[in-house]
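Heads up, the thing below is written out as structure tokens.
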Amino acid sequence: MEQIIQLNANAKLSEHFTLGEMTASSHKEVYNIPSHEAIANLTNLCGWLEVLRSRAGAPIIINSGYRSPQLNKKIGGVPTSNHLTGCAVDIRVENMEQLIRYAAILLDISNETHQDFDELLIEKNRYGAIWLHFAVRPSNNRRSLLFINC
């Protein structure tokens, strides 16, 4: 059996976010090691998450961050996903109220700092699970706001 390469999961991308939580996957058999560029993108994204965490007054729980092409395909992600470049994160929420609050905070951060984001998506799957997808690219951000499968 081929050995899966490990990364320094405890490496801090910001005060409260680690490389391990931004690359975590339940599919341990799938290679999910980001490039240096993807790590830089994750670090930028974590800057936004730190402000969100501070304003929300609670820890932010990450469902999904960076995804390798293999992992993205395995979970059925779109081939152009911002997760592939470390530019996107899916944030776990307890309910729709928390989701909307987080979305409003991220919009406020964007407006106050005059920085654009690429995607702010309120998502729901067929089982009723909801989460907030947030993406920031190094450039060419589209400021896309969508409800998906809601």
Segment 80-88 - phi-based ³J(HN,Hα) in whole Hz, Karplus 6.51/-1.76/1.60, Gly and Pro as x: 9, 4, 5, 4, 5, 10, x, 9, 10
Taking a ≥ b ≥ c as the square roots of the Cα gyration tensor eigenvalues, with a/c under 1.5 meaning rounded and otherwise prolate when a/b beats b/c or oblate if not, segment 40-150 comes out oblate
For ASN63, distant residues with modelled amide H under 5 Å away: ASP90, ILE91, ARG92
Diffing segment 28-41: the Karplus 3J(HN,Hα) column from phi (6.51, -1.76, 1.60, θ = phi - 60°), in whole Hz with x for Gly and Pro, holds 5, 7, 9, 4, 9, 9, x, 6, 4, 5, 5, 5, 4, 5
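Over segment 1-140, give the accessible area per residue in Å² for a 1.4 Å probe, as an integer. Don't skip to the end; give the middle numbers.
Numbers: 7780 Å² over 140 residues.
I get 56 Å² per residue for segment 1-140.
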Let me have the relative contact order for the chain, percent, based on Cα pairs under 8 Å that are six or more residues apart. 19 percent
Could you give the size of the charge dipole of segment 88-150 about its Cα centre, using +1 on the Cβ of each K and R and -1 on the Cβ of each D and E, expressed in debye and rounded to the nearest 20? 200 debye
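Taking all protein chains in place and a 1.4 Å probe, what share, in percent, of the accessible surface of the chain do carbon and sulfur account for?
53 percent
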Search the structure for amide H atoms under 5 Å from the amide H of THR18, placed 1.01 Å from N in the peptide plane, and list their residues when 5 or more places away or on another chain. LEU13
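The values are calculated or read from the model by the stated rules, or taken from the named source; none is laboratory data. Fair warning: this is a prediction, and the values are worked out from it, not measured in the lab. Glycine also receives a Cβ, built like all others from the backbone with ideal geometry; neighbour counts cover every protein chain displayed. The protein model used for the area step is the full one, side chains on, heavy atoms only, and it has no ligands, DNA or RNA in it. Shrake-Rupley method; radii C 1.70, N 1.55, O 1.52, S 1.80 Å.
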